[in-house]
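A short write-up of the structure that comes next.
The values are calculated or read from the model by the stated rules, or taken from the named source; none is laboratory data. Everything quoted here is computed from the prediction, not taken from an experiment. Cβ coordinates were reconstructed from backbone atoms using ideal geometry, including for glycine residues, and neighbour counts include every protein chain displayed. All accessible areas refer to the heavy atoms of the entire protein, side chains included, with ligands and DNA or RNA removed. Shrake-Rupley method; radii C 1.70, N 1.55, O 1.52, S 1.80 Å.
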Protein chains: 2
Amino acid sequence: MTEPSRRRGSGAGAAILALTQGDPAGIGPEITLKAWLRRDEIGLPFCLLGDPDLMRRTVARLGLSVPVERATIADAADVFRRALPVAPVGDAAAAEPGKPDPATAAATLASIEEAVRLARAGEAAGLVTNPIAKHVLYQAGFSHPGHTEFLAALSVEPGRTPPHPVMMLWCEALAVVPVTVHIPLAQVPGTLTTELIVKAARIVDRDLRRRFGIARPRLALAGLNPHAGESGSLGDEDAAVVAPAVAALVREGIAASGPYPADTMFHAAARTGYDVALAMYHDQALIPIKTIAFDEGVNVTLGLPFIRTSPDHGTAFDIAGKGLARPDSLVAALRLAARLAARPAEAAA
Amino acid sequence: MTEPSRRRGSGAGAAILALTQGDPAGIGPEITLKAWLRRDEIGLPFCLLGDPDLMRRTVARLGLSVPVERATIADAADVFRRALPVAPVGDAAAAEPGKPDPATAAATLASIEEAVRLARAGEAAGLVTNPIAKHVLYQAGFSHPGHTEFLAALSVEPGRTPPHPVMMLWCEALAVVPVTVHIPLAQVPGTLTTELIVKAARIVDRDLRRRFGIARPRLALAGLNPHAGESGSLGDEDAAVVAPAVAALVREGIAASGPYPADTMFHAAARTGYDVALAMYHDQALIPIKTIAFDEGVNVTLGLPFIRTSPDHGTAFDIAGKGLARPDSLVAALRLAARLAARPAEAAA
């Protein structure tokens, strides 16, 4: 691997990652402190955008040896060696671990907005987000379907096509993209279209080239039905919807193949045959990666005009404030963001 | 582990397994010979019910050092030490590797029928089946939906409730049962009922007690939807269909729990929390087990009046006769059948 800290971010002059606070009543503050303790593993410094007092209270509660220091994004890299740098954004005074409170929603959203601003301005090399709880934000008037859609909305530029964010779950052993995501299983067959698959696959192909540096990404598409439909006897969508998407992608020069029976795609030998698997629905993608990499999975959003990663778990209110939260996935998310930021951006759209 | 060869089969006096021939144009003959070469791993002898000439031709084609000897089920255990015992059933003279032929269907079916007869008569301690190809059998007039349903039909006893076979996929690390199996994904939500889940779970509970010797089997039920429906926002079946099944099972004294989000059920730490996972559809069950145990998975049929296991792969006509087939799954199936046969049957229904 290259040494990310000596290289330039993708389109950015900065060599620092912006980390959002997430829901202050969740495990975000705790895993942020624990990630700083593992800072030698990450490859780039990071700056938390949040409430320094919240972090100091968390240090005191958990008895962690983490100095917390106010910083600006410009001096955070220097601070990072001796303390967790926190660029003050929002007021999380109301936050109690495990007790989500709409009074903190403004601070949560302000952290995300500032992170996007910094990433788009080139002041941060990439953006890593701590978990939020949508229901808390909804009570405070938030109206986006989720975290990722909010990031996309913040990235709209006048006169350009709005970003189409695509969620990829990544670990060293496997990358998977669910083409449909948070919808009931019964709605999957009706939602899945050739166009939707092609649209997602194009973004995956482009971002694996320009962000991951894979010259010709190999995309393996899963079938929707058992045995990929078994020649139509177990459902016709694989022949009618998925196969035409593969054909269309191949015509565009994308190294797509499938549809494959999903159950035989994810063992170690099969995984050597592709760079990313496109699954047709949530559990088809999430089951294999969480089975093999439960603590180290990273959520990467493709299709945005900046690098964005996040841990693949939620706020975990049930264990917040107890010192039990593992920072592995956040460390993996920071490390992947650093690795992607270390690559010069290629063929930006 | 106990020493199966010194113990009695479940309800059977025999200490030998009956192995069916499967489709003679598939990899069955090859993996049978290779399994005999690994006979020290299995724990019980096995007797092939098939065509000795087919096996000799396969030995010659592949250059394997396996003596083949005609036997009866009664003397097969003695033969097994020096040669593969074959109890002659049917004529597979028409069989060519990789070229399925309806002319062999009668031999394939006769082998299965004889195996069931031996198992039910107590002349075999259990039954292990090589893969068949339904489309070949259909051309010859076979009318059952599949292998397992054929076995169930052969097991009907006058005046008793017909068996309700339940497929379990098993490896040392994980056991999973798909409640719905070979149907299009779009039909899963409409097919899944509380009654169907409860019916399958009762059989799983009973057979894990009496065949696997687990005193109080822990059954973990997966949700149908992403995040098990997330309180209804991602589908209502988890609250309306799956949760009532869990409640009904608990009322019966069965250690059932769930519904759980399927993506977080299958990593190593989660697997310690249950003895078997009940998944709501094919890929939800098959993805995790084939991801972690692709070559060693075993298909176990619960709910039959005898022990039945099989490898969890198909006929693999594309590689038949080439010497490439791996016997791992058949060896695992034979070994599991031997292990189950070694237990005294408990609380037979």
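List of remarks:
- Coil-residue GluC sites (Glu not before Pro) of the range A:141-243, DSSP, other Cβ within 10 Å capped at 12: A:Glu172
- DSSP-defined beta bridges in the range B:173-292 - what % are antiparallel, rounded to 5: 0 percent
- Between B:Lys99 and A:His135, the modelled label-to-label distance comes to 6.4 nm, taking each label 7 Å out from Cα in the direction of the beta carbon.
- Surrounding net charge for B:Glu96, when Lys and Arg each add one and Asp and Glu each subtract one, Cβ distance under 12 Å: +1
- DSSP beta bridges confined to the protein assembly as shown are antiparallel in about 35 percent of cases.
- Considering only A:Gly229, A:Gly273, A:Val246, the residue lying farthest towards the positive end of the dipole of the range A:173-292 is A:Gly273, judged by Cα position with unit charges set on Cβ.
- Percent RCO, i.e. relative contact order, over chain A, from Cα pairs under 8 Å lying at least 6 residues apart: 26 percent
- Highest-MSF residue in chain B out of B:Ala125, B:Ala105, B:Ala153 [GNM, Cα springs under 10 Å]: B:Ala153
- Note on B:Val250/A:Val250: beta-carbon distance plugged into 1/(1 + (r/R0)^6) with R0 of 45 Å gives a FRET efficiency of 0.30.
- B:Arg70-B:Glu157 pseudo-label distance in nm [points 7 Å out on the Cα-to-Cβ vector]: 3.4 nm
- Counting 0.36 nm for each residue step from A:Leu37 to A:Arg56 and taking away their Cα separation leaves a gain of 5.4 nm.
- Full extension of the segment from B:Arg216 to B:Gln187, taken as 0.36 nm per residue of separation minus the current Cα-Cα distance, would add 7.2 nm.
- Considering only trypsin sites (Lys or Arg not before Pro) in DSSP loops that have at most 10 other Cβ atoms within 10 Å, the longest stretch of chain A without any of them is A:161-349.
- Chain A - mean residue ellipticity at 222 nm from DSSP helices (-39,500 (n - 2.57) per run, n ≥ 4, rounded to 500): -9500 deg cm²/dmol
- DSSP-defined antiparallel bridges as percent of all bridges, chain A, nearest 5: 30 percent
- In loop segments of the range A:248-349 as defined by DSSP, the GluC sites (Glu not before Pro) with at most 16 further C-beta atoms inside 10 Å of their C-beta are A:Glu252, A:Glu346.
- Shielding of peptide B:112-124 by partners, expressed as the average count of other chain Cβ atoms within 10 Å per residue Cβ, is 0.
- Residues whose amide H lies under 5 Å from that of B:Leu221, counting only those 5 or more places away or on a different chain, are B:Ser257, B:Gly258, B:Tyr260, B:Leu278; hydrogens are built 1.01 Å from N in the peptide plane.
- For B:Ala239, inter-copy label distances in nm, listed shortest first [label point 7 Å out on the Cα-Cβ vector]: 4.0
- A simple rule links phi to the HN-Hα coupling: the Karplus curve 6.51 cos²θ - 1.76 cosθ + 1.60 with θ = phi - 60°, which for the range A:161-178 gives 4, x, x, 10, x, 10, 7, 10, 9, 10, 9, 4, 8, 6, 10, 9, 10, x Hz, with x for Gly and Pro.
- Taking 0.36 nm per residue of separation and subtracting the current Cα-Cα distance, fully stretching the chain between A:Ser231 and A:Arg82 would add 47.5 nm.
- Whole-number accessible area per residue in Å² for the range A:173-292, which is evaluated in the context of all protein chains at 1.4 Å: 34 Å²
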